[in-house]
Amino acid sequence: VQLQASGGGLVQPGGSLGLSCAASGNIFGIMGWYRQAPGKQRDLVAVMTSGGSTNYRDSVKGRFTISRDNAKNTVYLQMNSLKPEDTAVYFCYAEKWGKDYWGKGTQVTVSS
């Protein structure tokens with residue numbers, strides 16, 4: 001199983017970015033995104049089940065939107081109203097039959 005993420009980059013505060021992650025293989029139970037800032041632990045950002053249920057960390061609710069295309073095994077994260085504290089490496093995540101899979105991570109930097 002491989003997770004290939006794209007997107008990310010540098011954006012000014014208040015700006016928007018989109019991330020996408022395509023997974024090889026068949027439909028995964030849960031797909032989503034985690035992030036890790038320097039010196040901090042990896043934290044959940046948003047995940048979505050194959051049935052469409054979502055879970056967001058509180059600090060991104062109302063600003064980030066997760067979506068997925070099960071036919072393409074792809075998960076997306078639209079990030080709006082970005083803040084400097086959103087700066088981190090964002091990791092794509094997928095779960096299948098109780099096993100976790102991780103992408104390599106993509107840097108998101110929010111700075112003026």
Between the alpha carbon centres of region 1-28 and region 76-111 the gap in Å comes to 7
Suppose we take every Cα in the chain and form the convex hull; what volume per residue is that in Å³?
90
Hey, can you find the accessible area per residue of the chain for me, probe 1.4 Å, expressed in square angstrom?
53
The chain, accessible surface, carbon-and-sulfur percent (1.4 angstrom probe):
47
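The values are calculated or read from the model by the stated rules, or taken from the named source; none is laboratory data. Everything numeric here is computed off the predicted structure, so don't read it as measured data. Only protein heavy atoms, including side chains, enter the accessible area calculation; ligands, DNA and RNA are left aside. Shrake-Rupley method; radii C 1.70, N 1.55, O 1.52, S 1.80 Å.
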